[in-house]
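Encoded as structure tokens, the structure appears first; notes follow it.
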Amino acid sequence: MTEERFWKIVEEMGWTETHYDVAKRRFMKTHPKETAVAFASLFSRFKDELYKRAGLTAISDSCDDNLAHIVGLGLAEYRRNMDAPHLVRESEERVDYKESFAYCIPFEEDYALLTDDGYESFIRSATALIVKLDATDPDDVPPKLFRRFPEIREVCELLCARRWPEAVTAYHRYFGEGYADDWPEQGYAIPNFVKTLEAYRL
């Protein structure tokens, strides 16, 4: 990947106007995973160059987020900070950055989520939950939770059958528009399953 193409993609991502999840999905729908790998490599290089130019000697989450943010703002801002490296340190001190442009860049395995085959691990979680429900003694759980078992089971069975739209519709019908906070069972596997489907498959 050329530097020119890298910066064009950065511009397309619209980092300051969008959430990183949206930018990431936009990237994946526009560019193949090979592009993501090359992009990530150049991204790391530009961050490292900023780090060295600013004379930084330690790394932290805030430092990394700040460096990523500067790259995410585009070529002009990157050059401005390279020419005046004190700006890198000052923006971190002011917490004048957004977390985190790095999250916009998909991993190779993220691309599997664009196909049904990418959901095998999620399906295993749903299957395990069905097994757990079937093995649960009603006396071991609160009655309020036990009454929700048929609804939980229906959602899990639809997910296991890869009937994505029906599963997502049933999930929200029974458990509201939210995700983890509205899910009655322990664990976030099913809410995350539904959320990921809505992002990548629906």
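The values are calculated or read from the model by the stated rules, or taken from the named source; none is laboratory data. Quick caveat, the model's predicted, so the values are computed rather than measured. Backbone-built Cβ (ideal geometry, glycine too); neighbour counts: all protein chains shown. These area figures cover heavy atoms from the full protein model, side chains too; ligands, DNA and RNA do not enter into them. Shrake-Rupley method; radii C 1.70, N 1.55, O 1.52, S 1.80 Å.
Can you name the residue in the stretch 163-193 that is out of contact with any helix residue (DSSP H, G or I) (no Cβ under 7 Å at 6 or more places or on another chain) and of a type in the set (D, E, K, R) and, of all such residues, is least open to solvent (accessible area, probe 1.4 Å)? Before the answer, list the steps.
So in the stretch 163-193, the residues out of contact with any helix residue (DSSP H, G or I) (no Cβ under 7 Å at 6 or more places or on another chain) come out as 163, 165, 169, 172-173, 177-178, 181, 186-187, 192.
Adding the requirement that they be of a type in the set (D, E, K, R) leaves 163, 173, 177, 181.
Numbers: Arg163: 110, Arg173: 138, Glu177: 141, Asp181: 152 Å².
The selected residue is Arg163.
Taking the stretch 98-125 as the range and being open to solvent by 50 Å² or more (accessible area, probe 1.4 Å), farther than 28 Å from Arg163 by Cβ and outside any helix (DSSP H, G or I) as the test, the residues that pass are Lys98, Glu99. For the stretch 3-42, which positions are touching a helix residue (DSSP H, G or I) at 6+ places or on another chain (Cβ under 9 Å) and among the hydroxyl-bearing types (Ser, Thr, Tyr)? Correct list: Thr16, Thr18, Tyr20, Thr30, Thr35. Every condition in (1) more than 17 Å from the chain's Cα centre (by Cα); (2) open to solvent by 70 Å² or more (accessible area, probe 1.4 Å); (3) not basic (Lys, Arg) is met by Phe46 except one, and the failing one is (2).
Tell me, yes or no, whether the stretch 66-83 has at least one residue that is of a type in the set (A, V, I, L, M, F, W, C), over 22 Å from Tyr200 (Cβ atoms) and at pLDDT below 95. Break it down stepwise before answering.
Initially, the stretch 66-83 is screened for residues of a type in the set (A, V, I, L, M, F, W, C), giving 67-68, 70-71, 73, 75-76, 82.
Narrowing the set further to residues that are over 22 Å from Tyr200 (Cβ atoms) leaves 67-68, 70-71, 73, 75-76, 82.
After this cut, where a residue has to be at pLDDT below 95 as well, the list is none.
The answer is no; no qualifying residue exists.
Out of the residues in the stretch 140-162 that are among the basic types (Lys, Arg) and part of a helix (DSSP H, G or I), which is surrounded by the most Cβ atoms within 10 Å (Cβ to Cβ)? Once the filter is applied, the top-ranked residue is Arg153.
Report yes if Ser62 is within 22 Å of the chain's Cα centre (by Cα), of a type outside the set (Phe, Trp, Tyr), over 30 Å from Val10 (Cβ atoms) and in a helix (DSSP H, G or I), otherwise no. So Ser62 fails the test. Summed over the stretch 19-43, residues that are surrounded by 14 or more Cβ atoms within 10 Å (Cβ to Cβ) and without any contact (Cβ under 8 Å) to a residue 60 or more places away in the chain total 6. The set of residues in the stretch 173-193 being under 21 Å from the mean Cα position of the chain (by Cα) and in a helix (DSSP H, G or I) consists of Ala180, Asp181, Asp182, Ala189, Ile190, Pro191, Asn192, Phe193.
Listed by first and then second residue, the pairs linking a residue in the stretch 50-72 that is in contact (Cβ under 8 Å) with a residue 12 or more places away in the chain and under 14 Å from His86 (Cβ atoms) to a residue that is surrounded by 11 or more Cβ atoms within 10 Å (Cβ to Cβ) and among the charged types (D, E, K, R), with Cβ atoms under 7 Å apart and 6 or more places separating them unless they lie on different chains, are Ala54/Arg89; Asn66/Glu92; Ile70/Glu77. Residues of the stretch 8-18 that are open to solvent by less than 20 Å² (accessible area, probe 1.4 Å) and either in a helix (DSSP H, G or I) or over 20 Å from Ile70 (Cβ atoms) (or both): Ile9, Val10, Met13, Trp15. Taking the criterion of being crowded, with 18+ Cβ neighbours inside 10 Å and of a type in the set (D, E, K, R), the only residue of the stretch 65-86 that qualifies is Asp65.
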